[in-house]
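I have placed the structure first, in the form of structure tokens, so that the comments after it can refer back to it.
The values are calculated or read from the model by the stated rules, or taken from the named source; none is laboratory data. A quick note: this is a predicted structure, and the numbers were derived from the prediction, not measured. Using ideal geometry, Cβ is built from the backbone for each residue, glycine included, and neighbour counts are taken over all protein chains shown.
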Amino acid sequence: MRSELISVPGDPARPDEDYASVGLPASGQGGSIVVLDGVTPPATDHGCLHSVPWFTARLGGALGELSVSRRDLTLTEVLALAITRTADAHRATCDLSHPRTPQATVALARWSPQTVEYLVLCDSVLLVGSPSGTVVPVLDDRLSRVPRAALTSHAVTDAALRNQEGGFFTAAADPSVAARAVTGALPRSGVRTLTALTDGAARWVEKFGEGTWEDLVALLHKEGAESLITRVRTLELTAAARRTPGSPGPLGSAKTHDDATVVHVVL
């Protein structure tokens, strides 16, 4: 097995809110990958004493440990237990019912000699590559179906869309959200590569249309993950230079760049 992991903050002056890990149990019989994209709150009032990086580190660490140590649990159960552990770590000090309590998107995969399991929640991406080179994206597209006008209003998003029926779901403090994730399992023999990306890296395909998912994986094989993120940054700067002053950036806000994370595993 060979793996590559890179995470680059959108702004060097701000902490990276993404989280990524590759877990290999001592048995050598399988492993897991975890990628989280922390959700930046619009203001300091989010009912919590802790930062988004604190949250993603706690949740990501729990997911990495549980995904390799508790193979008796499904990935849905792993996510639910990890959310509960993380919530318990600050339940006594923070208002976990606040709609902007720290939260994250999730891309999680686990493999054994027989099976590859996967779970995706919200807009991080998992790409499953076959031995023949075809690439199938595993996507939770609920956020992309939310009208863009609604996403420009934080009040509307929080009250009517975030972790609500008809909206979209993120990993926050409620373990029941794990049941909303896109999940599945495949024979290990049919999987050659696994690639997890936060949306800051996936926008090479999703926002800028520079190629297909297969083209993205081919780029990773040829040039590496750093090259992908460098290309995304160049595209973002070009888009920013063409933007009318005061108009939204590629993130739907004034931000030009987002945290960008890639984990690529060749089984």
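Here are the numbers:
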| read-out | value |
| --- | --- |
| Residue within segment 191-205 that is over 24 Å from V34 (Cβ atoms), among the basic types (K, R) and at pLDDT 95 or above present | no |
| Among (1) in contact with a strand residue (DSSP E or B) (Cβ under 8 Å, 6 or more places away or on another chain); (2) at pLDDT 95 or above; (3) under 20 Å from A185 (Cα atoms), the one test that D123 misses | (2) |
| Residue list for segment 217-232, restricted to those being of a type in the set (D, E, K, R) and surrounded by fewer than 16 Cβ atoms within 10 Å (Cβ to Cβ) | K222, E223, E226 |
| Matching residues in segment 15-40 - criterion: being more than 16 Å from E4 (Cβ to Cβ), of a type in the set (A, V, I, L, M, F, W, C) and not in a strand (DSSP E or B) | A26, V39 |
| Of residues in segment 72-90 being of a type in the set (G, A, S) and either part of a helix (DSSP H, G or I) or at pLDDT below 95 (or both), the one farthest from A178 (Cα to Cα) | A87 |
| Residue within segment 30-44 that is in contact with a Cys (Cβ under 9 Å, 6 or more places away or on another chain) and more than 29 Å from R188 (Cα to Cα) present | yes |
| Odd one out for L219 among (1) modelled with pLDDT under 95; (2) under 30 Å from R110 (Cβ atoms) | (1) |
| In segment 119-137, the residues that are in contact with a Ser or Thr (Cβ under 9 Å, 6 or more places away or on another chain) and either in a strand (DSSP E or B) or within 18 Å of W204 (Cβ to Cβ) (or both) | L119, V120, L121, D123, S124, V125, L126, L127, V128, G129, V135, V136 |
| Residue selected from segment 101-133 under the condition surrounded by 24 or more Cβ atoms within 10 Å (Cβ to Cβ) and polar (S, T, N, Q), by the criterion farthest from S27 (Cα to Cα) | Q103 |
| Selection count, segment 207-228, where residues are charged (D, E, K, R), assigned to a helix (DSSP H, G or I) and in contact (Cβ under 8 Å) with a residue 12 or more places away in the chain | 2 |
| Close pairs from segment 112-123: first more than 16 Å from V34 (Cβ to Cβ), partner in a loop (DSSP other than H, G, I, E, B) and of a type in the set (G, A, S), Cβ under 7 Å, at least 6 apart | S112/G30; P113/G30 |
| Meets criteria (within 19 Å of G10 (Cβ to Cβ), in contact with a Ser or Thr (Cβ under 7 Å, 6 or more places away or on another chain), at pLDDT 95 or above and surrounded by 13 or more Cβ atoms within 10 Å (Cβ to Cβ)) for A260 | yes |
| Residue in segment 189-200 that is outside any helix (DSSP H, G or I) and surrounded by fewer than 16 Cβ atoms within 10 Å (Cβ to Cβ) present | no |
| Unique match (being of a type in the set (V, I, T), modelled with pLDDT of 95 or more, closer than 26 Å to T84 by Cβ and in a strand (DSSP E or B)) among V116, V177 | V116 |
| Of the criteria (1) within 16 Å of D18 (Cβ to Cβ); (2) out of contact with any Pro (no Cβ under 9 Å at 6 or more places or on another chain); (3) in a loop (DSSP other than H, G, I, E, B), which one L108 fails | (3) |
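Every residue, every condition in (1) part of a helix (DSSP H, G or I); (2) among the basic types (K, R); (3) surrounded by 15 or more Cβ atoms within 10 Å (Cβ to Cβ), yes or no:
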position	(1), (2), (3)
S3	no, no, no
P53	yes, no, yes
G60	yes, no, yes
L96	no, no, yes
